[in-house]
1. If you count, for each residue, the other Cβ atoms within 10 Å and average over each peptide, how do 228-237, 316-325 line up from highest to lowest?
2. Per DSSP helix of 4 or more residues, -39500 (n - 2.57); summed, then divided by the residues of the chain. What does that give at 222 nm, rounded to the nearest 500?
3. For region 164-241, what does the alpha-carbon gyration tensor say about shape, rounded, prolate or oblate, given a ≥ b ≥ c as the root eigenvalues, a/c under 1.5 as rounded, and a/b over b/c as prolate?
4. Report the extension gain between LYS612 and TYR438 in nm, rounded to one decimal, defined as 0.36 nm multiplied by the number of residues separating them, less their alpha carbon distance.
5. What's the exposure ranking of ASP264, ASP392, ASP525, going from fewest to most Cβ atoms within 10 Å?
6. What label, among (1) 24.3, 80; (2) 41.8, 129; (3) 26.4, 81, belongs to Rg and Dmax of the Cα atoms in Å computed from the structure on display?
7. May I ask you to list the residues of region 484-526 whose amide nitrogen lies under 13 Å from a point 7 Å from Cα along the Cα→beta-carbon direction of GLU548?
8. Could you tell me the calculated FRET efficiency between ARG284 and LEU216, based on Cβ-Cβ distance and R0 = 30 angstrom, to the nearest 0.05?
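Just so it is clear, none of the values below were taken in a lab; they were calculated from the coordinates. The structure displayed is predicted, hence computed values, not measured ones. No Cβ is skipped: glycine too gets one built from the backbone with ideal geometry, and neighbour counts run over all protein chains shown.
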Amino acid sequence: MTRPQEKIPKGYLSLMIPSVSSELAALSPVDLLAQKRSLRRKLAARDYLQPIRIAVLGGSTSSEIVSLLDLWLLESGFSPVFHQSEYGRFYVDAVHDTQALVDFRPDIIYLHTSVLNVQSFAPLQASQAELEEHVNSEFSRFEQIWSSIAEKIGCIVIQNNFEFPPVAILGNLDAVSTGGHTRFIAELNRRFTLAAERHSKLFIQDVCSISARMGLDHWFDRRRWFSYKIVTTLEGTRELAISLNAMIRASYGKTRKVLVLDLDNTLWGGVIGDDGADKIQIGRETPLAEAYTEFQEYCLSLRNRGILLAVCSKNNEEIARQGFEHPDSVLKIEHISSFKANWDAKHENIALIAQELNLGADSFVFVDDNPAEREIVRGQVNGIAVPEVGDDVAAYARIIESGRYFEQIAISKEDLERATLYQQNAERATFETKFGNYGEYLNSLGMTAEIGRFKPVYIERIAQLTNKTNQFNLTTRRYTLAEMEQIAADPDFIGIYGKLSDRFGDHGLISVVLARRDRGTLHMDLWLMSCRVLKRGMEEAMLDAVVEAAQQIGVGTIVGTYLPTPKNGMVADFYAGLGFLPYHPLDAVLPPGATMWTLNLAGYTQRNRHIKLMEHANAG
């Protein structure tokens, strides 16, 4: 039965152009390269692709990985442009002959190196001191690269660590002896890890783990190295491209946020409606039950690091919930952020989950043991990821992980608390029903905000928000961390952040405004906010802060622009709601659907009525 249209807003089902990730994933690396032109034409023809400039500095030939990465980035919603160094010139191009790199103005630099690029291992009979000296020498070469890029370009650097050598000359001793190459690589990789902890723009691609999971015999291809100076097998190159695409997605806030789960024969063995809650396969008593328990443990680990869990099952809801009351169930009902168990079509329920969580379906991963349900959801819900998990629960976690849907470049406090934040929002919604007057409800929340000019400690979070916020985002302009740091230091820009907490908990940093002064006018280049705090009065509090900053520099007019995207229709009338008037400058060239608005600050009175502001937030 089709639901009434008003119950399922169109945007939740069609938030982006259809994904062909299943097509890419289904093709072998040979077929991907053979069909690259046709695949690229299809992917590049989509709207709203985000431009990105990537420089690849290779210790080996990089054309193959660039070809595959190009497809995955296009599928992820990017429009990439590449610059490649000649093979083996990664150090020279980054440290000495840098002009071409500077002129290219990359958003990201990828250092594509391997164990074959190590210049000097420690001698076989090396002492501990000699081993450390050789590791320091090799490490300092890469540190010079990172320092040069930071000084001359300032962009994000993705540096792979190293796979272990293809041959262990000393056998098992190779990992123990101070002269072993395996020991050397382990020490060097550790130094890379420590460097990434110190440098916010340096991210490590864990090639050591990727190659170990594949197996070194399937990773190296010496014939390709001798013939083409390509280190990896074609399958190894594909894994590098998938991994790198996931890191780039994560750095631009495109990590998926929700794992949507079927129940019967997905979270537990058996059909709970037929077998009963006491007969489902879960626990440690049988191999099959243990496999389902392990998968539930995997799901819970995802939740603990910030991924929301949702249930979408064809079931009787009351009976379905009993599965989480089973004494051996690792997952409990409180771990589930949205629960839909009924006999409606699953793609319709997924739309309702998206509406309930206020997230786009393109941030969802759907797991179901039924291939027919997977195919229907994949075809009906644009942008959702539907991995081919099969029907062997023992393989579910590995298959999901191989898709790298939940890749992150850092784990923030907000990530760890995301599930709690959504639970608190549900409590707020329940609390709201106790009040007949919405203003009384807002006052009862006891909201406190910290609103102030950009601070260095928040810049990384601010840059992250600009790349991950899509719905409450007036212009959807994206900024790298380096760009945001430059803007924060520019006196012609006013950057304001907003943090909010209330009686139920702390929302964290949830709003960003970036405005540019042009003579007597302040142009709003960016205004975004987390939908978690929609209509709590934070919009008015942020406007008060912008007006105050504008008046301090003698600006009497604010101009705001709304640039439509498939996701931000909810803010089309935002400026009108704040009292701005339509604005039609003769020289303005706007895309279809875009609007401009203006606010005269003469006689402006503060709008905030319900939020207590922290004092001295503007200091620093």
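1. Taking the mean over residues of other Cβ atoms within 10 Å, the ranking is 228-237, 316-325.
2. After summing the helix terms and dividing by the residues of the chain, the value is -12000 deg cm²/dmol.
3. Oblate, since a/c reaches 1.5 and b/c is not below a/b.
4. 60.9 nm
5. Final ranking by Cβ density, sparse to dense: ASP392, ASP525, ASP264.
6. Structure-derived value, by its label: (3).
7. Under 13 Å, as judged by backbone N against the label point of GLU548, lie 496-499 of region 484-526.
8. Step by step, r from the Cβ atoms, then E = 0.30.
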